[in-house]
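S.K.: Pasting in a structure now, in structure tokens, and then I'll have a few things to ask.
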């Protein structure tokens, strides 16, 4: 998945860059040429969708039904389980079920430290998820190696998979995980491609909103 | 899989395996309670042979502890058995205090007992919730995690962190209890004591639960001794060994409690032993609450030895000695005399042993942690031999291992 | 601080009577008894202690003393459920020196010895299946040795 580098703003360059991107923010079906046979169907469908302006509604539907895949590794997994418990209910935000099979899920919450033996498995599970897929790197160990700066732990899961939201904490409280989930929902709503950081996407396409913590509405009360 | 990693060598049996399927259970699996990989050879539904493959959570904690000071290495011990971090802290602190040769005030021991037993209840709640979830009783998960939340609120009140508290430190405690802590603990205990009967009633006489756990995964005491099994798994088979009673540490000999023992050795016996342990832990917590004096000026919460614990901050302003102690402790740390010690505690999973080797410097020369899950996971192939795949799930749940504890 | 009981000290005398030159001595420190033997009698000494009542193998591990000639200290801690006590049995090994496996004495020492082989490189003879357990099967090096860097080999692609 290539990261998009901002160009000099020229029209041609922008179009070329759009074609080079694996995901363009305007059409969310897999880009042309990637799947043969379905290419004609998807390009027609995506043109119809663009015509109808149904972009926004599909993103809204996606945002409210993100189903995480079970990828709890260590201590953060217990806080992730607590988040799905009855006190910090994450299913009120749409994450109704934690699917055991990656082929039926949208989101991979990497909860816990990734050891070097687990790293190929992580990549394999990520590859098995169908597009569009997002990754939340939960906790300090998944984000940057955390407390463990040694031979056995991957220093940041973004060396293996592209990450959308990083959550700090050791372990992050369930409230922090829910905040990260809400940030991810904002990201989906504004059409930022998965795996691309909002700053880079904004630089590439200035029409996109700048996403930061201030854009999330505060909890009432 | 990338070409750099080979599959683990799994030798094929002598008999013709043509009818057998080799199935990989894990490392990403909802029922393996962590990243455990079980390579199963199945004859239809029956397990012919199995081999656990661990190491997917190996964190190198023992190596990392060799480059941290004794105070810093404490935070690493939280993260091994992440369902009972206070038990690990207690074991480490007792081992370092033994290495240093210091005595800590009795009040501190009672507070440690209270927290360790609350941690035991919280850990057994997670076990009960996930066991129920694995066997299909999904609402057990929601019930148990709610009880765990009120206990975690207590931990957050006293240390600021829900899980990895690092509250029990060599020399005493991180800080004294909050002014309202004992009343809050009293309320939590009253609530839990009122709900114990409900928790028994949820699963004990449930015919599906009994059908799924009775007679499944029988462990005889001879096999348990041969495999060095400790904890509730061994006690459900009749091995009468509980470190709190037999090698008391941290003032446990002042408490009255019984150790639940069963002889059947099946998953139902392990379930009953842990449920009774929850009840006994509540009893110990009640006794501990009566023994702890409320916090106040002059009430000790750690040892007085200033070469090990830093002085109170206000003393630094007028005492040169305190300033020097503070400086030495936070730049270099304390230096125990050379030698080695071994200290065991009874964690919710079994016997956790800390073997600390000191060479006279401020960093541990070797911190070896003997964890119960490491030996208990080794037992899995013995227990699941010739059982159905659905029984494998129930047995894994009943052994209650934690992969962070196993792989370290 | 507890002290070592006279009954436990008897173990030292009995071992010295049994193994003569192969028994190096005993040490009492902070209330714990450590008995030292040479590698050729490692398995017999463990079996002797098991039959003397210390039938629960609590731990089996090694320590690396880099600046000493027999570099490794292999150590087994055995507990007695009846006497509620534990004793530590140690032996000294040089680099590359193999030692007898304790699997015939306790089946549970299988994984302990695999872990020692994985992290220290000490080989055990008569072990049914000596291969790496915690690290990937093709990992090079033995991390818990003192001359292995904490952050791992240079150029690791996970850093």
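The values are calculated or read from the model by the stated rules, or taken from the named source; none is laboratory data. Small disclaimer: the values here were computed from a predicted structure and weren't measured. As a convention, Cβ positions derive from the backbone with ideal geometry for all residues, glycine included, and neighbour counts pool all protein chains shown.
S.K.: Among helices (runs of 4 or more DSSP H) lying entirely in the range A:140-221, which contain 3 or more residues that are touching a strand residue (DSSP E or B) at 6+ places or on another chain (Cβ under 8 Å), at pLDDT 75 or above and within 30 Å of residue C:150 (Cβ to Cβ)?
M.R.: Numbers: elements: A:140-144, A:174-189, A:198-204.
It comes to A:140-144.
S.K.: So residue B:345 clears everything in (1) more than 21 Å from residue B:70 (Cβ to Cβ); (2) more than 11 Å from chain C (Cβ to nearest Cβ) except one condition, right? Which one?
M.R.: (1)
S.K.: Which of the following residues is surrounded by fewer than 21 Cβ atoms within 10 Å (Cβ to Cβ) and within 10 Å of chain B (Cβ to nearest Cβ): A:120, A:132?
M.R.: Exactly one residue qualifies, and that residue is A:120.
S.K.: Only one of these is closer than 18 Å to residue C:135 by Cα and either facing another protein chain (nearest Cβ under 8 Å) or touching a residue at least 24 places away in the same chain (Cβ under 8 Å) (or both): A:99, A:113, A:103. Name it.
M.R.: A:113
The rows are residues; the columns are (1) more than 14 Å from chain B (Cβ to nearest Cβ); (2) in contact (Cβ under 8 Å) with a residue 24 or more places away in the chain; (3) under 28 Å from residue B:102 (Cα atoms).
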site: C:20; (1), (2), (3): yes, no, no
site: C:25; (1), (2), (3): yes, no, yes
site: C:28; (1), (2), (3): no, yes, yes
site: C:32; (1), (2), (3): no, yes, yes
site: C:37; (1), (2), (3): yes, yes, no
site: C:47; (1), (2), (3): no, yes, no
site: C:52; (1), (2), (3): yes, yes, no
site: C:55; (1), (2), (3): no, yes, no
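Quick grid of which residues meet (1) away from chain A (no Cβ under 11 Å); (2) buried (at least 22 other Cβ atoms within 10 Å of the Cβ); (3) at pLDDT below 90:
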{"site": "B:41", "(1), (2), (3)": "yes, no, yes"}
{"site": "B:45", "(1), (2), (3)": "yes, no, yes"}
{"site": "B:49", "(1), (2), (3)": "yes, no, yes"}
{"site": "B:65", "(1), (2), (3)": "no, yes, no"}
{"site": "B:70", "(1), (2), (3)": "yes, yes, no"}
{"site": "B:74", "(1), (2), (3)": "yes, yes, no"}
{"site": "B:78", "(1), (2), (3)": "no, yes, yes"}
{"site": "B:83", "(1), (2), (3)": "no, yes, no"}
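S.K.: Name the residue, out of A:62, A:92, A:113, that is surrounded by 15 or more Cβ atoms within 10 Å (Cβ to Cβ) and either over 18 Å from the mean Cα position of the chain (by Cα) or within 26 Å of residue B:404 (Cβ to Cβ) (or both).
M.R.: Being surrounded by 15 or more Cβ atoms within 10 Å (Cβ to Cβ) and either over 18 Å from the mean Cα position of the chain (by Cα) or within 26 Å of residue B:404 (Cβ to Cβ) (or both) holds for just one of A:62, A:92, A:113, which is A:113.
S.K.: Moving on. Please state which one of B:128, B:152, B:99 is more than 12 Å from every other protein chain (Cβ to nearest Cβ), in a helix (DSSP H, G or I) and in contact (Cβ under 8 Å) with a residue 24 or more places away in the chain.
M.R.: None of the other options fit; the residue is B:128.
S.K.: When you go through B:238, B:265, B:296 one by one, which is the residue that is within 14 Å of chain C (Cβ to nearest Cβ), more than 30 Å from residue B:337 (Cα to Cα) and part of a loop (DSSP other than H, G, I, E, B)?
M.R.: Criteria check complete, one pass: B:238.
S.K.: Just need a number here: residues in the range A:149-191 that are over 16 Å from residue A:79 (Cα atoms), surrounded by fewer than 22 Cβ atoms within 10 Å (Cβ to Cβ) and within 10 Å of another protein chain (Cβ to nearest Cβ).
M.R.: Qualifying residue count, the range A:149-191: 6.
S.K.: Select, from B:286, B:274, B:262, the only residue that is touching a helix residue (DSSP H, G or I) at 6+ places or on another chain (Cβ under 8 Å), at pLDDT 90 or above and buried (at least 19 other Cβ atoms within 10 Å of the Cβ).
M.R.: Answer to the check: B:274.
S.K.: Out of the range C:107-139, which residues are facing chain B (nearest Cβ under 8 Å), in contact with a strand residue (DSSP E or B) (Cβ under 7 Å, 6 or more places away or on another chain) and not in a helix (DSSP H, G or I)?
M.R.: C:108
S.K.: Please go through the range A:80-92 and pick out each residue that is more than 7 Å from every other protein chain (Cβ to nearest Cβ) and in contact with a helix residue (DSSP H, G or I) (Cβ under 6 Å, 6 or more places away or on another chain).
M.R.: A:83, A:88, A:90 - these are the residues of the range A:80-92 that are more than 7 Å from every other protein chain (Cβ to nearest Cβ) and in contact with a helix residue (DSSP H, G or I) (Cβ under 6 Å, 6 or more places away or on another chain).
S.K.: Continuing with this model, one more query. Where residues in the range C:23-34 are under 19 Å from the mean Cα position of the chain (by Cα) and either surrounded by fewer than 14 Cβ atoms within 10 Å (Cβ to Cβ) or over 17 Å from residue C:76 (Cα atoms) (or both), which of them is modelled with the lowest pLDDT?
M.R.: Across the range C:23-34, the extreme among qualifying residues is C:25.
S.K.: Between B:345, B:341, B:309, B:357, which is outside the structural domain of residue B:68 (by TED's automatic domain parsing), in contact with a strand residue (DSSP E or B) (Cβ under 8 Å, 6 or more places away or on another chain) and either modelled with pLDDT of 90 or more or buried (at least 18 other Cβ atoms within 10 Å of the Cβ) (or both)?
M.R.: Answer to the check: B:309.
S.K.: Which ranges mark the strands (runs of 3 or more DSSP E) fully within the range C:1-80 that have 2 or more residues being closer than 23 Å to residue B:225 by Cα? Give the derivation first.
M.R.: Working: elements: C:23-29, C:32-37, C:56-64, C:72-80.
Answer list for the range C:1-80: C:32-37, C:56-64, C:72-80.
S.K.: Among (1) away from chain C (no Cβ under 14 Å); (2) assigned to a helix (DSSP H, G or I); (3) under 20 Å from the mean Cα position of the chain (by Cα), there is one condition residue B:245 misses while meeting the rest; what is its number?
M.R.: (1)
S.K.: Within the range C:140-158, is even one residue over 29 Å from residue C:18 (Cβ atoms), at the interface with another protein chain (Cβ under 8 Å from one of its Cβ atoms), crowded, with 21+ Cβ neighbours inside 10 Å and touching a helix residue (DSSP H, G or I) at 6+ places or on another chain (Cβ under 9 Å)?
M.R.: Yes, the range C:140-158 contains at least one residue that is over 29 Å from residue C:18 (Cβ atoms), at the interface with another protein chain (Cβ under 8 Å from one of its Cβ atoms), crowded, with 21+ Cβ neighbours inside 10 Å and touching a helix residue (DSSP H, G or I) at 6+ places or on another chain (Cβ under 9 Å).
S.K.: To continue, here is another question. Given (1) under 23 Å from residue B:74 (Cβ atoms); (2) within 11 Å of another protein chain (Cβ to nearest Cβ); (3) modelled with pLDDT of 90 or more, where does residue B:407 come up short, assuming only one miss?
M.R.: The single condition residue B:407 does not satisfy is (3).
S.K.: To continue, here is another question. Only one of (1) buried (at least 18 other Cβ atoms within 10 Å of the Cβ); (2) within 14 Å of chain C (Cβ to nearest Cβ); (3) without any contact (Cβ under 8 Å) to a residue 12 or more places away in the chain fails for residue B:222. Which number is that?
M.R.: Checking residue B:222 against (1) buried (at least 18 other Cβ atoms within 10 Å of the Cβ); (2) within 14 Å of chain C (Cβ to nearest Cβ); (3) without any contact (Cβ under 8 Å) to a residue 12 or more places away in the chain, the one that fails is (1).
S.K.: Within the group B:230, B:213, which residue is surrounded by 22 or more Cβ atoms within 10 Å (Cβ to Cβ) and more than 22 Å from the chain's Cα centre (by Cα)?
M.R.: B:213
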